[in-house]
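The values are calculated or read from the model by the stated rules, or taken from the named source; none is laboratory data. Model, not experiment: these values are computed from the prediction. Reconstructed Cβ throughout: ideal geometry from the backbone, glycine too, with neighbour counts over all protein chains shown. Calculation scope for accessible area: heavy atoms of the full protein, side chains included, ligands and nucleic acids excluded. Shrake-Rupley method; radii C 1.70, N 1.55, O 1.52, S 1.80 Å.
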Amino acid sequence: MKKRVAIFASGTGSNFEKIADDSRLKEKIDIVLLVCDKPNAAVIKKARDRNINTYVFSAKDFASKQDYETAILEKVKDLDYIFLAGYMRIISPYFLENYKKTILNLHPSLLPKYKGKDAIEQAYKAQEREIGISIHYVNEELDGGGVIAQKSLTVKDGETLEEVTTRIHELEHELYPNVILKLVEEAL
């Protein structure tokens, strides 16, 4: 039986696409819902093009963070997994208390280094030679859950931030679907 999942994203949806279009994953998961906090994000069209239901919200339309998270919880309460793919909101302890299943996040740094926003730029400006990505469980601490997998690259002499960012995204597109596949296969 396929695992029912939601993907949370805020931007272009390149990682969403890689997960949704992975033929191996199509046999193991059913993406039931895209949750997006940016009403004009490109990922929304990508989900709709694949006949995936979307829940789009603007946080400013809610009285509090707990109110919009309550609305999201209602949509995902029966799902097996949530995969964050460029979702630019912090999941609160309230959400985590009420969703007891697995939530994964993809973060563009070799955690525990460079938590939070602009991680690639932070590592690049610090002149790190090894830059990479981490896939981790989500817990109450920002980018602090247990790391499941990491992959890195060596920054080449003279390489621009944009070039490094492109290469980081290539790592993400390769590693995240593989980690998800392994996770759901172990659960089946």
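Listed values, structure above:
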quantity: SER109 among the small types (Gly, Ala, Ser), assigned to a strand (DSSP E or B) and open to solvent by less than 70 Å² (accessible area, probe 1.4 Å); calculated: no
quantity: Top-ranked residue of the range 131-148 - restricted to ones that are open to solvent by less than 20 Å² (accessible area, probe 1.4 Å) and either more than 15 Å from ASN105 (Cβ to Cβ) or of a type in the set (A, V, I, L, M, F, W, C) (or both), ranked as farthest from the chain's Cα centre (by Cα); calculated: ILE131
quantity: Filter result (open to solvent by 80 Å² or more (accessible area, probe 1.4 Å) and either closer than 11 Å to ALA6 by Cα or of a type in the set (Phe, Trp, Tyr) (or both)) within the range 25-76; calculated: ASN53, LYS75
quantity: Odd one out for LEU104 among (1) assigned to a strand (DSSP E or B); (2) among the hydrophobic types (A, V, I, L, M, F, W, C); (3) over 22 Å from THR12 (Cα atoms); calculated: (3)
quantity: Selection status of ARG89, within 16 Å of the chain's Cα centre (by Cα), of a type in the set (Lys, Arg) and open to solvent by 40 Å² or more (accessible area, probe 1.4 Å); calculated: yes
quantity: GLY116, sole failed condition from (1) open to solvent by 70 Å² or more (accessible area, probe 1.4 Å); (2) part of a loop (DSSP other than H, G, I, E, B); calculated: (1)
quantity: Test result for ASP22, of a type in the set (D, E, K, R), within 16 Å of the chain's Cα centre (by Cα) and open to solvent by less than 20 Å² (accessible area, probe 1.4 Å); calculated: no
quantity: The range 6-18: number of residues that are among the aliphatic types (A, V, I, L, M) and either touching a Leu at 6+ places or on another chain (Cβ under 6 Å) or open to solvent by 80 Å² or more (accessible area, probe 1.4 Å) (or both); calculated: 2
